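K.L.:
Right, I'll just put the structure down here and ask away after.
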């Protein structure tokens, strides 16, 4: 498992999507629609932020919850791409390029959720450092010896 959210391939791919959304919404037609521009940017950032926040929570259960929110935001971006295409803000090729990227991200999120659900590791928050059997036995013997010599 990754040590930071920046190492996650899905987060890296989403960062690319967000940068592309910003570039896309800077075109003359698109940027005049302030509401759609703001909403698609915010939805893209939401994917990125929820992946990061969920990872940092330190619990697989919470991470999964945030990944579902990120997946929902991915659907929101896709929906807004349809609007942008239908309004003529983006051409067909651009529409399909970003639609495919959103679907790839959504698929990666789904696979990560499935992996986390199957994992026996519950997250950093619940990590327990186990002692070896030998260490446990030595610790018990020390306690027994200490009690024996005190008596």
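K.L.:
So the check is Cβ under 6 Å with 6+ separation or different chains; which pairs have a first residue in the range 24-45 that's loosely packed, with under 15 Cβ neighbours inside 10 Å and a second one that's part of a helix (DSSP H, G or I)?
P.N.:
So the pair list comes out as 31/37.
K.L.:
Answer yes or no as to whether residue 88 is surrounded by fewer than 17 Cβ atoms within 10 Å (Cβ to Cβ) and within 14 Å of the chain's Cα centre (by Cα). It would help to see each step written out before you state the result.
P.N.:
On the way: surrounded by fewer than 17 Cβ atoms within 10 Å (Cβ to Cβ): yes; within 14 Å of the chain's Cα centre (by Cα): no.
No, not satisfied.
K.L.:
Does the range 121-131 include one or more residues that are at pLDDT below 95 and in contact with a helix residue (DSSP H, G or I) (Cβ under 6 Å, 6 or more places away or on another chain)? Walk me through how you get there before you give the answer.
P.N.:
Initially, the range 121-131 is screened for residues at pLDDT below 95, giving 121-131.
Remaining after also requiring in contact with a helix residue (DSSP H, G or I) (Cβ under 6 Å, 6 or more places away or on another chain): 122-123.
Yes; the residues of the range 121-131 include at least one that is at pLDDT below 95 and in contact with a helix residue (DSSP H, G or I) (Cβ under 6 Å, 6 or more places away or on another chain).
K.L.:
Kindly list the number of the only condition in (1) under 23 Å from residue 120 (Cα atoms); (2) in a helix (DSSP H, G or I) that fails for residue 3.
P.N.:
The failed condition is (2).
K.L.:
For residue 16, are the conditions met, namely being over 14 Å from residue 94 (Cα atoms), touching a helix residue (DSSP H, G or I) at 6+ places or on another chain (Cβ under 8 Å) and touching a residue at least 60 places away in the same chain (Cβ under 8 Å)?
P.N.:
Yes: the conditions hold for residue 16.
K.L.:
Being crowded, with 18+ Cβ neighbours inside 10 Å, under 28 Å from residue 2 (Cα atoms) and at pLDDT below 95: is that true of residue 60 here? Let's see the steps before the verdict.
P.N.:
On the way: crowded, with 18+ Cβ neighbours inside 10 Å: yes; under 28 Å from residue 2 (Cα atoms): yes; at pLDDT below 95: yes.
Yes; evaluated as a whole, the condition is true for this residue.
K.L.:
Going by what's in this entry, would residue 88 be described as at pLDDT 95 or above and under 22 Å from residue 29 (Cα atoms)? Steps first, answer last, please.
P.N.:
Numbers: at pLDDT 95 or above: yes; under 22 Å from residue 29 (Cα atoms): yes.
Against the criterion (at pLDDT 95 or above and under 22 Å from residue 29 (Cα atoms)), residue 88 qualifies.
K.L.:
Mind checking whether some residue in the range 64-72 is crowded, with 21+ Cβ neighbours inside 10 Å, more than 11 Å from the chain's Cα centre (by Cα) and modelled with pLDDT of 95 or more?
P.N.:
Checked against the condition, which is being crowded, with 21+ Cβ neighbours inside 10 Å, more than 11 Å from the chain's Cα centre (by Cα) and modelled with pLDDT of 95 or more, the range 64-72 yields no hits at all.
K.L.:
Quick check on residue 9: is it exposed (fewer than 14 other Cβ atoms within 10 Å of the Cβ) and in contact (Cβ under 8 Å) with a residue 40 or more places away in the chain?
P.N.:
Working: exposed (fewer than 14 other Cβ atoms within 10 Å of the Cβ): yes; in contact (Cβ under 8 Å) with a residue 40 or more places away in the chain: yes.
So residue 9 passes the test.
K.L.:
Also, quick follow-up: Quick check on this structure: which one of 59, 110, 79 is closer than 16 Å to residue 11 by Cβ and within 23 Å of the chain's Cα centre (by Cα)?
P.N.:
Details: 59 fails: closer than 16 Å to residue 11 by Cβ; 79 fails: closer than 16 Å to residue 11 by Cβ.
Unique residue meeting the criteria: 110.
The values are calculated or read from the model by the stated rules, or taken from the named source; none is laboratory data. Note that the structure is predicted; figures quoted are calculated from it, not measured. Ideal geometry is used to build each Cβ from the backbone, glycine not excepted, and the neighbour counts take in all protein chains shown.
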